[in-house]
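Report on one structure; see the data block that follows.
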Amino acid sequence: MKMETESEIKKTYWNTVIHSVVTFMGQSTMQLVDLLFCGKLGSQASATVGTATSFYAWFMIIGIGLVLSLEYWIPHSLGQKDEKRAHSYYYAGVLVAVFVSLFSTIGFWFISQNTTLFGINPEIQSSVVSFSHIIALSYLPVFLIPTLRVELQARGYPHDTTYAFIVGNILNVFLNWALIHGYAGFPALGLNGCAWANLISRFAILFYLWARVNYVRSKLPSIPVHWKNVPYMEYITKIIHMGLPTSFQMLFEMGAFIIVSMLAAQLAPSQNAAHVITISIASFLFMVPLGLGSAAALTLSKLNGEKRKPLAIKYGNQTFHLGLLYAVIGSSLLIIFREPVFRIYSNDPETIKIGGTLLFIAAVFQLGDVSQVILSGCLRGFGKTKIQAVINAFGHWVIGLPIGLYLGYHLHMGVIGFWVGLSSGLFSVALGLYIYWRRTIREKIVANAIEVQI
């Protein structure tokens, strides 16, 4: 099997970038749709969804971090033309996803049954339990979908996940409309209808991708290893070895935001509302660089497997610069239109005033946020994950949160101070990752020069 030419690599790269970005935006859109439908049921419904999904996220982060290691292992193996190894990682990845989903489902069910231990408002306790019991079943598609996505993208079929999430989002909108209010002959399930809509839509996406993966694999000339003959412990150990630092990295980053959300909930309603809306907007914008980072990991790992390190460095830098361009344009537009954007979500003058300031801070920290997630993807493409966890722990918990707490409480800046702290943490992480990325580039250039001489 011959290696791709540079023009073919460029085409594959842009296909992966476009479809990765659309896929991640599709995931975020499903959550946005759920919030919009649930928000119309009242404040208790919104509180129920927010509380349940907060607990749900802790288990999700751990599993997603493990699965993301496949963005290195499968393309890298294919780059080395080692089909047996690539298939083995795919089989092991599926097994990891299934076991982690089982662990997460049991753990989440246990927590939802003991919400009183976490100080949950008694008024929403029963609704949190029933809502949680439904969405707990969605861990299986949540972990298997990224596994199937990587297999398809690594084999040159990035469009399938795009199609899956387009159909999944349409189905999610219809089911939310039908199941919450009892339209089109469906039972009116209220808030639980939203949970069932999300669950059914995710399984629909899973079944489609599973069918596509099986079709793509059936067209391969041969599969050199049967799933029963894979040395699973060897490959699962490698997946965990690389994926666990990514899980910790995500825990340190998202944990900081969750802590700030808990603190914001103790402030005046206008400050808390402004925080929640700003987080929603920032999260949606974050999907574009998250997709770019994923595309970088897939592209760089394959090129490294082919021992084409200069090209890997080129596409890593290109993705980073593309992300910066997006951040500059996106930040500028957000600063200019921050008040009109906020008025879409709120009519309260105080909330809009505070929200305008928070959106300005969010627009500025886009530069740091975009940089850190793309650099994380680039480093993952070189198999470097441990340092990312260390940098995220230091940036968010040693720099970001202390600054936010000092400004928020000591200088009485409230939620605005918290967001300045979050911004400081993101820029610190971005700087640390950029320094390590430049060091990695220098090391690879030297290593490549030695290989050429030999």
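The values are calculated or read from the model by the stated rules, or taken from the named source; none is laboratory data. Small disclaimer: the values here were computed from a predicted structure and weren't measured. All Cβ positions, glycine included, derive from the backbone under ideal geometry; neighbour counts span all protein chains shown.
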Conditions (1) over 30 Å from Trp73 (Cβ atoms); (2) of a type in the set (Lys, Arg); (3) crowded, with 17+ Cβ neighbours inside 10 Å -> Arg343 fails only (3)
Exercise. Is the stretch 242-258 home to any residue that is surrounded by fewer than 19 Cβ atoms within 10 Å (Cβ to Cβ) and among the β-branched types (Val, Ile, Thr)?
Worked result: yes
Worksheet item: Just a yes or no: is a residue in the stretch 21-37 surrounded by fewer than 19 Cβ atoms within 10 Å (Cβ to Cβ), in a loop (DSSP other than H, G, I, E, B) and at pLDDT below 80?
Response: no
Among Val128, Val167, the single one that is at pLDDT 90 or above and in the same structural domain as Val213 (by TED's automatic domain parsing) is Val167
(message) Considering only the stretch 112-123, I want to know if a residue exists there that is within 30 Å of Leu292 (Cβ to Cβ), exposed (fewer than 15 other Cβ atoms within 10 Å of the Cβ) and aromatic (Phe, Trp, Tyr).
(response) no
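Rundown of residues vs (1) part of a loop (DSSP other than H, G, I, E, B); (2) modelled with pLDDT of 90 or more; (3) basic (Lys, Arg), yes/no style:
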| site | (1), (2), (3) |
| --- | --- |
| Leu41 | yes, no, no |
| Ala47 | no, no, no |
| Gly65 | no, no, no |
| Pro75 | no, yes, no |
inquiry  = Whether any residue in the stretch 400-408 is in contact (Cβ under 8 Å) with a residue 60 or more places away in the chain, in a helix (DSSP H, G or I) and either more than 20 Å from Ser261 (Cβ to Cβ) or touching a Cys at 6+ places or on another chain (Cβ under 9 Å) (or both) is what I want to check.
reply    = no
Of the candidates Arg155, Arg149, the one satisfying the condition of being basic (Lys, Arg) and within 18 Å of the chain's Cα centre (by Cα) is Arg149
* **Flag for Ala312 being more than 29 Å from Leu422 (Cβ to Cβ) and at pLDDT 90 or above** => yes
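Per-residue answers, yes or no, for (1) part of a helix (DSSP H, G or I); (2) surrounded by fewer than 16 Cβ atoms within 10 Å (Cβ to Cβ); (3) not aliphatic (A, V, I, L, M):
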| residue | (1), (2), (3) |
| --- | --- |
| Ala297 | yes, no, no |
| Ser301 | yes, no, yes |
| Ala312 | yes, no, no |
| Tyr315 | yes, no, yes |
| Ile335 | yes, yes, no |
Picking from Ser104, Ser126, the residue that is part of a helix (DSSP H, G or I), farther than 19 Å from Leu199 by Cα and either free of Cβ contacts under 8 Å to residues at least 60 places away in the same chain or in contact with a strand residue (DSSP E or B) (Cβ under 8 Å, 6 or more places away or on another chain) (or both) would be Ser126
From the option list Ala97, Ala92, Ala164, single residue qualifying as over 18 Å from the mean Cα position of the chain (by Cα) and surrounded by 18 or more Cβ atoms within 10 Å (Cβ to Cβ) is Ala92
* To do: Can you confirm whether the stretch 186-199 contains a residue that is without any contact (Cβ under 8 Å) to a residue 12 or more places away in the chain, more than 21 Å from the chain's Cα centre (by Cα) and under 30 Å from Ser376 (Cβ atoms)?
  => no
Suppose the filter is free of Cβ contacts under 8 Å to residues at least 40 places away in the same chain, outside the structural domain of Phe24 (by TED's automatic domain parsing) and of a type in the set (Asp, Glu); does Glu350 pass it? no
When restricted to Ser247, Ser201, the only residue among the polar types (S, T, N, Q), under 25 Å from Ser138 (Cβ atoms), touching a helix residue (DSSP H, G or I) at 6+ places or on another chain (Cβ under 8 Å) and not assigned by TED's automatic domain parsing to the domain that holds Val98 is Ser247
Worksheet item: Just to be sure, is Ser270 closer than 22 Å to Val415 by Cβ, at pLDDT below 85 and either in a helix (DSSP H, G or I) or outside the structural domain of Met30 (by TED's automatic domain parsing) (or both)?
Response: yes
